[in-house]
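Report on the following structure.
The values are calculated or read from the model by the stated rules, or taken from the named source; none is laboratory data. All figures in this text were calculated on a predicted structure; none of them were measured in a lab. Cβ sites come from the backbone with ideal geometry, for glycine too, and all protein chains shown count toward neighbours.
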Amino acid sequence: MELSDLQLIIISSPSGAGKTTLTRRALDAFPDLTFSISHTTRAPRGSERDGVDYHFVDVAEFERLRDEGAFAEYASVHGNFYGTSVNELERARAEGKRGLIFDIDYQGARQIRAKLPHATTVFILPPDLIELERRLRGRGSDDEETIRRRLQKARAEIEQYAFFDYVIVNDALDRAAADLIGIIRAERCKRQIQALRAEALLR
Ligand code: 5GP
């Protein structure tokens, strides 16, 4: 299987839009997809585990990996580095997975799309900015300064929506999850994906 045969589902959103929950729902619905575990220089939050939610590294290690060309994409987000290692794509392939779901920001989405044009990009919108603030505060894990910075950035991130193939408004979790699952299913029925099977019938 080539990297270009992997189904790549990139999910981006301003933080607090419910992307992590939606990503989990999609992974539950598609056991043949795996979550792309990013590297980050930010500190673990709450119940996050190294090697499960992220690979937590310090700045020196991140820069070493970056300089070695280990990342398929990387970006600075909210003052920390985040990156997707090429190794994650290889891992998915080695594990016999059909594809990966990426929880990455719009900068990363653009870089992956530039390298792997068959990637599907999905943007999650919060219903409104007041609700976004409520969710960020409800998480209870970030300090006031962090929340303020994230809210400021949310507007700038929402401006990026036009790059994405699909946009889901997360005003009701069950429907939004159904939308995401529907998108992943529809992408599997794309003519370009099914062409080989159709051609085989004609042989
Ligand atoms: P958080 O610190 O809340 O987990 O993530 C902050 C932001 O970084 C989110 O928008 C998330 O999607 C993004 N992010 C997480 N991993 C990566 C990555 O590997 N690359 C990029 N470009 N962004 C990432």
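Between residues in segment 16-32 that are of a type in the set (Phe, Trp, Tyr) and more than 12 Å from the ligand (Cβ to nearest atom) and residues that are at pLDDT 95 or above and not in a helix (DSSP H, G or I), which pairs lie under 8 Å by C-beta distance while being six or more apart or on different chains?
Phe30/Arg98
Looking at segment 76-91, I want the residues that are within 14 Å of Phe102 (Cβ to Cβ) and of a type in the set (Val, Ile, Thr) and have a partner that is within 9 Å of the ligand (Cβ to nearest atom) and not in a strand (DSSP E or B) with Cβ atoms under 8 Å, at least 6 apart or on another chain. Which pairs are those?
Note: pairs meeting the criteria are Val77/Asp105; Val77/Gln107; Thr84/Ser36; Thr84/Ile104; Thr84/Gly108; Thr84/Ile112.
Give the number of residues within segment 109-143 that are loosely packed, with under 15 Cβ neighbours inside 10 Å and closer than 22 Å to Glu2 by Cα.
3
Which ones in segment 86-102 are over 18 Å from Ile11 (Cβ atoms) and of a type in the set (Gly, Ala, Ser)?
Residues satisfying the conditions are Ala94, Gly96.
Kindly evaluate Ile147 against the criterion of being farther than 25 Å from Phe71 by Cβ and within 12 Å of the ligand (Cβ to nearest atom).
Details: farther than 25 Å from Phe71 by Cβ: yes; within 12 Å of the ligand (Cβ to nearest atom): yes.
In short, yes.
Just one of (1) touching a Pro at 6+ places or on another chain (Cβ under 9 Å); (2) surrounded by 15 or more Cβ atoms within 10 Å (Cβ to Cβ); (3) without any contact (Cβ under 8 Å) to a residue 40 or more places away in the chain trips up Lys153, so point out which.
Of everything listed in (1) touching a Pro at 6+ places or on another chain (Cβ under 9 Å); (2) surrounded by 15 or more Cβ atoms within 10 Å (Cβ to Cβ); (3) without any contact (Cβ under 8 Å) to a residue 40 or more places away in the chain, Lys153 misses just condition (3).
With respect to Ala177, is the statement that it is in contact with a Lys or Arg (Cβ under 9 Å, 6 or more places away or on another chain), in contact (Cβ under 8 Å) with a residue 60 or more places away in the chain and surrounded by 15 or more Cβ atoms within 10 Å (Cβ to Cβ) true?
yes
Among what's in segment 72-108 and is buried (at least 21 other Cβ atoms within 10 Å of the Cβ) and among the β-branched types (Val, Ile, Thr), pick the residue that is farthest from the ligand (Cβ to nearest atom).
Ile101
Scan (1) closer than 28 Å to Arg148 by Cα; (2) within 11 Å of the ligand (Cβ to nearest atom); (3) modelled with pLDDT of 95 or more for the single condition Val57 breaks and write down its number.
Just one mismatch for Val57, condition (2).
Please find, within segment 101-155, the residue that is nearest to Asp171 (Cα to Cα) out of those that are hydroxyl-bearing (Ser, Thr, Tyr) and part of a helix (DSSP H, G or I).
The residue in question is Tyr106.
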